[in-house]
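Beneath this line is the structure, given in structure tokens, with notes to follow.
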Amino acid sequence: MVRGAIVESQNIFARIVLRYLDRKFNSGLGDSCWLLHGLVRALKPATVVEIGSARGKSACYMALALRENGRGMLHAIDPHTSTDWNDTKAVDSYTWMTRTIRTLGLERWITVVRKTSNAAASGWSTPIDLLFIDGDHSYDGVKRDFDLFSPHLSERGVCLFHDTAWNVREDLAGLARTDMGVPKFVDELRASGFPVITLPENYGVSIVQRRKGGLPLIVR
């Protein structure tokens, strides 16, 4: 009972700090961080993998949900060096992210993997229940990340992509980089039969099930 009260107070503190830090994350994820948090709370994943952490907004919200669940581990993959797709003020982000994780008391729930996705995928064998791809936004880059990690999705696992709505939001027309490939790749998944739900706010978050045609709802 006492331990439960302590954990609950830690979670309340974390939510307050996250609200204060919101703008300091310099992330385009916006309030969709709560979508990630809610999915982790609902799915109760044992293993979460994130590709592209930057300053750690999405990682902290998902790790908070893991702590509230009382189980699971998030592997946050990012080289934390200059790339073609860094968020604003998120180039050398390792120190800021790890300090925030410590402030929130989330060390137990996050493994910070300071590697490229290629390096992190080498030898990977753990089933993944939730995969969040928000790293290299070029077509080849996002396809590579999906191809590297989606084979490890568990039977009921899901994959999420950020920045998928640049081509359908009128207010974003003309603002997308010409080398932005996430919308094209995710739309190809949709056209090939993967169930895709896209929420267009915060530049678009798309949820993709691992099986073409979706998870069967009737066992025959």
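Given (1) farther than 30 Å from Ser9 by Cβ; (2) within 15 Å of the chain's Cα centre (by Cα); (3) aromatic (Phe, Trp, Tyr), where does Tyr61 come up short, assuming only one miss?
That leaves (1) as the condition not met.
Based on what the data block shows, is Trp85 under 23 Å from Ala165 (Cα atoms), surrounded by fewer than 16 Cβ atoms within 10 Å (Cβ to Cβ) and among the aromatic types (Phe, Trp, Tyr)?
no
Would you mind listing the helices (runs of 4 or more DSSP H) fully within the range 2-97 where at least 2 residues are out of contact with any Pro (no Cβ under 7 Å at 6 or more places or on another chain) and modelled with pLDDT of 95 or more?
So the answer is 33-43, 57-69.
Go through (1) surrounded by fewer than 17 Cβ atoms within 10 Å (Cβ to Cβ); (2) more than 19 Å from Ala54 (Cα to Cα) for Lys115 and report which single condition fails.
The number of the failed condition is (2).
Hey, can you tell me all the residues within the range 160-207 that are hydrophobic (A, V, I, L, M, F, W, C) and in contact with a helix residue (DSSP H, G or I) (Cβ under 6 Å, 6 or more places away or on another chain)?
Phe161, Trp166, Val182, Phe185, Val196, Val205
Tell me, which strands (runs of 3 or more DSSP E) wholly within the range 99-186 include 2 or more residues that are modelled with pLDDT under 95?
In the range 99-186, the matching strands (runs of 3 or more DSSP E) lie at 153-162.
The values are calculated or read from the model by the stated rules, or taken from the named source; none is laboratory data. These numbers were taken from a predicted model, which means no experiment stands behind them. In this analysis, Cβ positions are derived from the backbone assuming ideal geometry, glycine residues included, and neighbour counts consider all displayed protein chains.
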